[in-house]
Amino acid sequence: MKCPKCGADNDKVIDTRPSDEGRAIRRRRVCLECEYRYSTIERTEVLGMKVVKKDGTRQDFSREKLMAGLASACSKRPVSNDNLEKIVDEVEGALSEQRNGEISTNKIGEIVMERLKKLDKVAYVRFASVYRDFTDIESFTREVENIDKD
C-alpha cells in the first residue's frame, strides 16, 4: 500500500476491524517513512459476475460504475455515502445469489429505485428518469405523481 502523503510503500497495519456489517475490513495504517496515518478498506471483489444490458450484451459488474450513477442521482441531496454503499452492497448480494452469475440491468434498477424511493424522493426521480428512459413529459409526470401512492 502506498502512503497517500509521501508515496512510500513501506507501512504497518496498526489496527484492523470489521466494517460495513462485516462485509469489509477497515485497516488503520502508519507510513514508516513519514509517520502519516491513514485508513484503507478491504472488501470482497465480485469476480466473473456479469450484467446483462437491455440490448442483450454482457459487461463485467462494476461497483464503481453503480456508485457513480447513485452519486449522480444523489448529487446535492442529503444522502450519505454510507447509504449509497449499502445500496451497492444489496445489489452485490442479489448478484451473488444468481446461480448463473448474471443479473439484468432491470433487476439492478428495481433494487436501486426501491431503496432510493425510501431514502430520497428527488434522488429517486433523478435515477428513474435515466433508468426508465422517459420519452415524453406525461410518463415522467405520472411517475412523479405515483411516488407516494406505492
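Key figures for this structure:
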{"item": "Distance between the stretch 1-32 and the stretch 66-117 - C-alpha centres, whole angstrom", "result": "26 Å"}
{"item": "Three-way shape label, the stretch 22-150, alpha-carbon gyration tensor, a/c 1.5", "result": "oblate"}
{"item": "Extreme residue, positive dipole direction of the chain, given options ALA8, THR141, VAL51 (C-beta unit charges)", "result": "ALA8"}
{"item": "Cα shape, the stretch 1-81, gyration tensor, a/c 1.5 rule", "result": "prolate"}
{"item": "Charge dipole (the chain, unit charges on Cβ, about Cα centre) - positive-most of PRO78, GLY109, LEU95", "result": "PRO78"}
{"item": "Charged-residue dipole, Cβ positions (Lys, Arg, Asp, Glu), the chain about Cα centre, Debye nearest 20", "result": "320 debye"}
{"item": "Structure-based [θ]222 nm, the chain - -39500 (n - 2.57) summed over DSSP H runs of at least 4, per residue, nearest 500", "result": "-13000 deg cm²/dmol"}
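Taken together, the values in this text are just the output of simple stated rules run on the coordinates, not laboratory data. Keep in mind it's a predicted model, so treat the numbers as computed, not measured. In this analysis, Cβ positions are derived from the backbone assuming ideal geometry, glycine residues included, and neighbour counts consider all displayed protein chains.
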